[in-house]
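The values are calculated or read from the model by the stated rules, or taken from the named source; none is laboratory data. What you see is a predicted model; the values in this text were computed from it and never measured. Here the Cβ positions follow ideal geometry from the backbone for every residue, glycine too, while neighbour counts run over all protein chains shown. The accessibility values were calculated without ligands, DNA or RNA, using every heavy atom of the protein model including side chains. Shrake-Rupley method; radii C 1.70, N 1.55, O 1.52, S 1.80 Å.
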Amino acid sequence: MKYDFDKIINRRNTNSYKWNVAENELPLWVADMDFETAPCIKEAIARRAEHGVFGYSDIPDEWAESYAGWWKKRHGWEFEKDSLVFCTGVVPALSSCVRKLTSPAEKVLIQTPVYNIFFNSIVNNGRYVLESPLDYDEEKCEYSMNFERLEKDLSDPQVSLMILCNPHNPCGKIWCREDLQKVGELCKKYSVTVVSDEIHCDITTPSKSYVPFASVSETCKEISVACIAPTKCFNIAGLHSAAVVAANPSLRHKVWRALNTDEVAEPNAFAMDATVAAFTKGEGWLNQLNEYLWANRKFAEDFITKNIPALKTVKAEATYLMWVDVGKTGMTGDEFAQKLRAKTGVFISGGSQYGTTGENFVRINLACPKSVLNEALERMNGFCK
């Protein structure tokens, strides 16, 4: 079946967080997509809705089986179904892990620039952020891990947890097996637990797959918790359905207790049906989505290179987010985003919220019909002239 990602869907006046903007504005900021979800998921939700009773839901065996089958087939990672724990979202899981696996005033390491909500999950729970910046190669326009810096930071006895972003948001990097193995070895050496946010793992270049952190080695498996979900890749974040995977029984028990204590371990009436449908019937839709998203990325990269030479796009292999260096415009990323929105209505994200090293960058969401993306780029071009 051929799916239509060019279709314009009016999301205004639907209580959309992303589209709660002025009439002339084009929002390319928060990470949700402007595409309908896969038909198999819509059908599963419709069947569940037809039943008409929406009481408390249990977690069936099919839920865990769908996760295990998907990761084995698509990513070559086999895990026991019993190692899975349901949660209502990756962000609630991150916050629960911070509260349970660290003590107040300890430090949590993150590799910046990185997803801004990591900061919230750490600071709002009385812990300190330790930024361990990635290296940025301006010539190649790509990021890499600085292992000398990482080891120095992990050796701080106040660091007890590292939140890994795999694949990385916002720079779109898929970490290789060798890099992840080094991270695992260093964290083991300094008794640091790893919580790996892998929510973007299924949005990759059509020829690539990501490497699950826990699949790399026995060490990585034993010291880590993975946060995974169908919500980002199938555009169903509003259904609040995710999972954590922890092979280590002791670690899994702590996380299970944390999620239950925080009351984020019970599904809504549609979460199970949507998840099972996504992971058992949605692969064809997802494959076409990735083709479309990467065509959008190539279109945006070519447009910026040809028309807006002051901007430089960072090489990416994953996510539908574009990280753009605006340093040569003479503006910070925040200034660029604010003025762009004020003058053209294009709403993108300034980079400082992703850490100190994001100051000269902006983040652009490419997950929209090409015609919408083209309109946003044309407006951006006019702003930069």
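Quick notes
- Those residues of region 162-195 which are of a type outside the set (Val, Ile, Thr) and in a helix (DSSP H, G or I), in sequence order: ARG177, GLU178, ASP179, LEU180, GLN181, LYS182, GLY184, GLU185, LEU186, CYS187, LYS188, LYS189
- Counted residues, region 300-324 - those being over 20 Å from ILE174 (Cβ atoms) and of a type in the set (Asp, Glu): 1
- Residues of region 80-94 satisfying the condition of being in contact with a strand residue (DSSP E or B) (Cβ under 6 Å, 6 or more places away or on another chain) and under 18 Å from ASN166 (Cα atoms): GLY89, VAL90, ALA93
- Residues being in a helix (DSSP H, G or I), surrounded by 15 or more Cβ atoms within 10 Å (Cβ to Cβ) and out of contact with any Asp or Glu (no Cβ under 8 Å at 6 or more places or on another chain) - total across region 308-333: 2
- Selection of region 262-276 for residues being touching a residue at least 40 places away in the same chain (Cβ under 8 Å) and open to solvent by 10 Å² or more (accessible area, probe 1.4 Å) yields ASP262, VAL264, ALA265, GLU266, PRO267, ASN268, ALA269, PHE270, MET272, ASP273, VAL276.
- Residue ID - surrounded by the fewest Cβ atoms within 10 Å (Cβ to Cβ), chosen from residues in region 371-385 that are over 15 Å from LYS343 (Cβ atoms) and of a type in the set (S, T, N, Q): SER371
- Scanning region 97-111 turns up no residue that is part of a loop (DSSP other than H, G, I, E, B), surrounded by 14 or more Cβ atoms within 10 Å (Cβ to Cβ), small (Gly, Ala, Ser) and modelled with pLDDT of 95 or more.
- Identity of the residue in region 281-304, acidic (Asp, Glu) and more than 20 Å from the chain's Cα centre (by Cα), that ends up surrounded by the fewest Cβ atoms within 10 Å (Cβ to Cβ): ASP302
- Per the listing ARG48, ARG74, the residue uniquely surrounded by fewer than 20 Cβ atoms within 10 Å (Cβ to Cβ), more than 23 Å from TRP19 (Cβ to Cβ) and touching a Phe, Trp or Tyr at 6+ places or on another chain (Cβ under 6 Å) is ARG48.
- Residues in region 218-248 that are without any contact (Cβ under 8 Å) to a residue 40 or more places away in the chain and closer than 13 Å to PHE79 by Cα were compared, and the one that is surrounded by the most Cβ atoms within 10 Å (Cβ to Cβ) is ALA226.
- If the condition is being open to solvent by less than 20 Å² (accessible area, probe 1.4 Å), over 28 Å from LYS254 (Cβ atoms) and part of a strand (DSSP E or B), then region 125-161 contributes only TYR143.
- Candidates ALA68, ALA93: the one that is open to solvent by less than 90 Å² (accessible area, probe 1.4 Å), under 21 Å from the mean Cα position of the chain (by Cα) and free of Cβ contacts under 8 Å to residues at least 24 places away in the same chain is ALA68.
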